[in-house]
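Colleague: So that we are looking at the same thing, I have put the structure below in structure tokens.
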Amino acid sequence: MKHEINFTLNGEAVTCAVDIRKSLLEMLRDDFELTGTKEGCGVGECGACSVIIDGRTVDSCIYLAVWADGKAITTIEGIAQADGQLAPIQAAFIEAGAVQCGFCIPGMVLASDQLLKDHAQLSRAEIRRGLSGNMCRCTGYQKIIDAVQLADAKRQADPKTVVLPHFNIER
Amino acid sequence: MYDITDYHEATSLAEFFKLAAADPKARIVAGGTDTLVKSRAEVPAFTGMALIGITRIPELQGIEYQADGTLSIGALNTFVTIEHDPLIQKYVPLLSQAVSLVGGPQTRHMGTIGGNICNAGPAADSAPALFTYNTICEIQGPDGIKDIPIADFYRGPGQTILKPGEVLTRFKIKAADYQGFHGHYTKFARRNALDIANLSCAALVKVHGEQISDLRLCFGAAGPTPLRMPVAEAYAQGKALTDATLAQIGQLCLRDTHDITDWRDSKAFRDHLVTVLPGRDITAALRGA
Ligand SMILES: Cc1cc2nc3c(=O)[nH]c(=O)nc-3n(C[C@H](O)[C@H](O)[C@H](O)COP(=O)(O)OP(=O)(O)OC[C@H]3O[C@@H](n4cnc5c(N)ncnc54)[C@H](O)[C@@H]3O)c2cc1C
Ligand code: FES
Ligand code: FES
């Protein structure tokens with residue numbers, strides 16, 4: 001059975017007739033082919049599937065697709081800047097060396113970005129608590145926390161500087 | 001995909017009653033953090049039926065301070081809302097502290113306090129606080145509205161007195177049940193986040209000088225439902241606040257708990273926690289009081 005829903009996806013108004021049995025994660029990956037959102041556990045334990053819904057970090061694997069109706073949803077595909085530059089938090093993840101296999105990173109980046117938006121300033125303890133719904137099996141977390149601190153420090157230094165130095169990943 | 005047959009969104013209580021009457025087998029879903037996990041795990045009672053979404057029903061929202069001092073908390077409030085709500089923080093801070101320890105941020109954004117109680121898990125983190133505040137559950141159904149003390153709401157693990165077509169609408173806490181009390185909650189788990197309590201304990205205490213004038217204790221995961229401690233609570237009345245009293249309170253809790261051994265912990269370890277957590281909670285509650 002399908003329901004027609006309307007919502008805002010990465011800033012764009014969209015309409016979709018979605019199978020009511022689908023999770024938001026399944027709709028994003030299968031119907032919209034936005035495969036940046038990852039499935040880890042499928043039961044709300046790991047945060048790999050995190051997306052931002054109306055300014056809140058949510059696990060899309062335990063969120064019914066039909067619930068998206070009327071909401072504004074941001075996925076990892078939607079956070080780079082309009083001109084294609086990385087978002088400051090993405091650049092900070094690279095600068096801090098916070099990425100290894102990368103599987104947890106879309107969720108980590110979104111959770112971190114929302115955390116920064118929700119707090120004018122963040123302590124390391126607040127970052128730890130804010131990211132405690134996102135698991136990483138590679139990095140040991142320290143460099144991820146470093147990355148969020150770095151992004152926080154850069155915006156404190158010059159709040160008008162939204163754009164961080166461009167990173168060349170080729171090395 | 002979830003094994004569900006249909007989905008209905010109720011946008012008012014009246015609409016909910018109509019939908020529930022039309023499909024008696026349909027199940028309520030609020031934040032879905034228990035329902036969808038159980039559906040994914042193919043728990044029989046959570047598959048093969050329609051879901052009725054209730055999160056857009058206005059009657060189940062909001063946190064209100066009523067004229068007589070009663071705090072009325074809509075069942076759909078999420079853990080994040082409850083943790084940060086100024087009325088909750090001012091009048092029933094033990095509840096704010098308890099729900100701050102649920103799951104991870106994502107769980108707290110979606111999980112509702114109504115879902116936590118209706119799911120009736122023995123380790124639900126909002127339950128011990130709600131039990132010590134003598135919370136009243138407001139239930140509405142086709143036959144009208146009724147108020148049930150939370151201690152009478154549970155029938156067993158995962159089971160409540162709710163009948164098909166009924167919905168838990170609000171939690172009510174009377175002024176006399178929070179005024180002058182100090183509270184603390186310990187969730188004893190292996191991890192600080194995304195873990196379920198091996199044992200948990202909420203203490204709500206009132207003192208007169210150096211004496212305990214009122215004590216309420218509730219354990220989570222120490223039996224099939226959250227449990228108040230009538231023997232220890234009666235003993236504490238009028239006792240001097242000493243280490244010996246706290247130790248005796250802990251010992252007397254063993255009369256009312258029903259610890260078991262499961263994959264999380266042994267009965268022996270849980271029994272030990274039962275004897276030490278009340279004293280620690282009482283001390284923490286009174287720190288700075
Ligand atoms: C990763 C993860 C971690 C978790 N960690 C914790 C934790 O640390 N502590 C904890 O206590 N819980 C935890 N939970 C469990 C869950 O988040 C909570 O129990 C939550 O409060 C459930 O609320 P919900 O709105 O999501 O309920 P739902 O899943 O929507 O519903 C739960 C049950 O209650 C019924 N129901 C819901 N609302 C009503 C209502 N108003 N009237 C009648 N029936 C209703 C539903 O039919 C269903 O049977 C965790 C869950 C996940 C996925
Ligand atoms: S895939 Fe959603 S929380 Fe793990
Ligand atoms: S980088 Fe591999 S799981 Fe986090």
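Laboratory data are not the source of any read-out in this text; all were calculated from the coordinates shown. Everything quoted here is computed from the prediction, not taken from an experiment. Heads up, the Cβs are rebuilt from the backbone with ideal geometry, glycines too, and the neighbour counts pull from every protein chain shown.
Colleague: Along the principal axes of its C-alpha atoms, what lengths does region B:1-49 span, in descending order and rounded to whole Å?
Modeller: 32, 19, 15
Colleague: May I ask you to compute the full-extension gain from residue B:258 to residue B:284, defined as 0.36 nm times their residue separation minus their alpha-carbon distance, rounded to one decimal in nm? Present the calculation step by step, with values, prior to reporting the outcome.
Modeller: Values: separation 26, 0.36 × 26 = 9.36 nm, distance 2.50 nm.
Taking residue B:258 through residue B:284 to full extension adds about 6.9 nm, to one decimal.
Colleague: For chain A, what is the mean residue ellipticity at 222 nm derived from helices alone (per DSSP H run of n ≥ 4: -39500 (n - 2.57); sum divided by total residues; nearest 500 deg cm²/dmol)? Walk me through the numbers on the way to the answer.
Modeller: Numbers: 4 runs with 45 residues, N = 171.
So the calculated ellipticity at 222 nm is -8000 deg cm²/dmol.
Colleague: Sticking with this one: Let's test the formula: R0 of 35 Å, r as the Cβ-Cβ distance of residue B:176 and residue B:56. What FRET efficiency results, to the nearest 0.05?
Modeller: 0.55
Colleague: Can you compute the FRET efficiency between residue B:231 and residue A:2 using 1/(1 + (r/R0)^6), with r the Cβ-Cβ distance and R0 = 41 Å? Round to the nearest 0.05.
Modeller: 0.10
Colleague: Moving on to the next point. Just grab the label-to-label distance for residue A:95 and residue B:211, each label 7 Å out from Cα along the Cβ direction, in nm (one decimal).
Modeller: 6.4
Colleague: Modelling each spin label as a point 7 Å along the Cα-to-Cβ direction, I'd like the residue B:25/residue B:151 distance in nm, to one decimal.
Modeller: Here the modelled spin labels are 3.9 nm apart.
Colleague: Using 0.36 nm times the number of residues separating residue A:157 and residue A:121, minus their current alpha carbon distance, what extension gain do you get?
Modeller: Here the answer is 11.8 nm.
Colleague: Oh, and also: Running Debye on chain A with equal point scatterers at the Cα sites and no solvent, what base-10 log of I(q)/I(0) appears at q = 0.19 Å⁻¹?
Modeller: These q points yield log10 I(q)/I(0) values of -1.23.
Colleague: Now, a different point. Report D for region B:56-183 in µm² per second (integer): Stokes-Einstein, Kirkwood Rh on Cα pairs, 25 °C, 0.890 mPa s.
Modeller: It diffuses with D of about 168 µm²/s by this estimate.
Colleague: How big is the C-alpha Rg of region A:88-159 next to the rule-of-thumb value 2.2 N^0.38 Å, as a ratio?
Modeller: In units of the 2.2 N^0.38 Å rule of thumb, it is 0.98.
Colleague: Let me ask something else about it. Hey, quick one: spin label on residue B:64, modelled 7 Å out along Cα-Cβ, who in region B:122-150 has an amide N within reach, i.e. under 19 Å?
Modeller: Of the residues in region B:122-150, B:135-141, B:144-148 have backbone N under 19 Å from the label point off residue B:64.
Colleague: Quick one: Debye curve from the alpha-carbon atoms of region A:39-92 only, equal weights, vacuum; give me log10 I(q)/I(0) at q = 0.17 Å⁻¹ to two decimals.
Modeller: The computed values of log10 I(q)/I(0) come out as -0.62.
Colleague: Quantify how strongly other chains surround peptide A:55-62 by giving the mean number of their Cβ atoms within 10 Å of each of its Cβ atoms.
Modeller: Average per residue, whole number: 6.
Colleague: Further question: Using Cα-Cα distances under 8 Å and only pairs 6 or more residues apart, what relative contact order does chain A have, in percent?
Modeller: 22
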